[in-house]
Amino acid sequence: LNGSGEAIDGTTTANDDSDGQGVLNRVAVEGTSLVVELGSEAEVDQVNLIQPNGELFGRREVAAGVRQVSFEIGTAYNPGEYRVLAVQGEDTVDETSLDIRPELEIVDVGLFRNNPDKPWDEVYGESETDTKKNGEAFVTVANTGSGPEAVVELRFENDVPNPSENPRGSGIHNSDAVVIPPGDEIDLFSSSFPFGAEIGEEGMGCSITGNDGQFKITLEVRTTTQNVESDFNVQYSGSDAMHDCRIEITEK
């Protein structure tokens, strides 16, 4: 079996026969699909995809002249090693394997007042007061793994003005789930108003002399059972009101 490798565009390739003479010329995850390219001289009736548990994930018949088939794996698949079998008649004429496994990482978080170049108006709409934009945040998430993943909930916990351990909906603006293909980096925009006006006694607000705290961002995901978490230090200073507050966020 050929070993898997990471392509420049972020797709994960198990088999890459550059001269095109092999049977399984190229096998790669592209977006939420597994794409299988057959060699120019390949004689194959069907291509089978086997799950990590050994069961058949899917089968694709290969008509005469067809050189590419694909399997939609989505984001509800079981992570692990998948086997691709090229079959002619009763015989497996070629086989390769590919580890399909997402790996999400929170790489940045920021606010409108500190990151005005993000598409805030496009996301939240234009406003004379900027109240909505000032209270929301973006979270940049990278998928450094080899399979797609979907974020289904975004939470801000602990020392933010409006913590959301159980946000209404997904906590992601205008979306129930955001798919992040392997190799991609995407900005998620919040909908729970985490840095808006202080609400209740649980949140931390601003003060002229300064308030220091820590908050946690949690991503609930679909493919893997392990939530993605990251902790940050935060300082609120310069005002008693959140809309005038100086907010500094650093990695913990």
Checklist outcome for this item: Going through the range 66-100 in order, the residues found to be within 20 Å of the chain's Cα centre (by Cα) and farther than 26 Å from S190 by Cα are F71, E72, I73, Y77, N78, P79, G80, E81, L98, D99, I100
Checklist outcome for this item: Selection from the range 210-227 of residues at pLDDT 95 or above and either among the small types (G, A, S) or outside any strand (DSSP E or B) (or both) yields G210, G213, R222, T223, N227
Item to check | Members of the range 84-124 found to be surrounded by fewer than 18 Cβ atoms within 10 Å (Cβ to Cβ) and free of Cβ contacts under 8 Å to residues at least 40 places away in the same chain, listed by number | outcome: E90, D91, T92, D108, N115, P116, D117, P119, D121, E122
Item to check | Lone qualifier among A137, A177, A150 - being crowded, with 17+ Cβ neighbours inside 10 Å, modelled with pLDDT of 95 or more and under 15 Å from the mean Cα position of the chain (by Cα) | outcome: A150
Next on the checklist: Just to be sure before I move on: is E157 over 24 Å from I73 (Cβ atoms) and surrounded by fewer than 17 Cβ atoms within 10 Å (Cβ to Cβ) in the structure I sent?
Outcome noted: no
Checklist outcome for this item: In the range 82-98, residues that are part of a strand (DSSP E or B), more than 11 Å from L24 (Cα to Cα) and acidic (D, E) total 1
Item to check | Members of the range 165-174 found to be under 12 Å from E136 (Cα atoms) and surrounded by fewer than 21 Cβ atoms within 10 Å (Cβ to Cβ), listed by number | outcome: H173
Checklist entry - When only residues in the range 238-252 that are under 10 Å from G210 (Cα atoms) and assigned to a loop (DSSP other than H, G, I, E, B) count, which is modelled with the lowest pLDDT? => result D240
Item to check | Sole exception among (1) assigned to a loop (DSSP other than H, G, I, E, B); (2) more than 28 Å from G31 (Cα to Cα); (3) not β-branched (V, I, T) for K133, by number | outcome: (1)
Checklist entry - Taking the range 209-241 only, how many residues are loosely packed, with under 14 Cβ neighbours inside 10 Å and more than 30 Å from L104 (Cα to Cα)? => result 4
Checklist outcome for this item: For the range 27-63 the number of residues that are exposed (fewer than 13 other Cβ atoms within 10 Å of the Cβ) and either within 18 Å of D91 (Cβ to Cβ) or touching a strand residue (DSSP E or B) at 6+ places or on another chain (Cβ under 7 Å) (or both) is 3
Checklist entry - Does G183 count as assigned to a loop (DSSP other than H, G, I, E, B), small (G, A, S), within 30 Å of A28 (Cα to Cα) and touching a residue at least 40 places away in the same chain (Cβ under 8 Å)? => result yes
Checklist entry - Out of (1) at pLDDT 95 or above; (2) in a loop (DSSP other than H, G, I, E, B); (3) over 20 Å from D240 (Cβ atoms), what's the single condition that is false for R155? => result (2)
Next on the checklist: Here is a check on your reading of the model: is K252 of a type in the set (D, E, K, R) and surrounded by 14 or more Cβ atoms within 10 Å (Cβ to Cβ)?
Outcome noted: no
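The values are calculated or read from the model by the stated rules, or taken from the named source; none is laboratory data. This is a predicted model, so every value here is computed, not measured. Note that we place each Cβ from the backbone using ideal geometry, even for glycine, and neighbour counts take in every protein chain shown.
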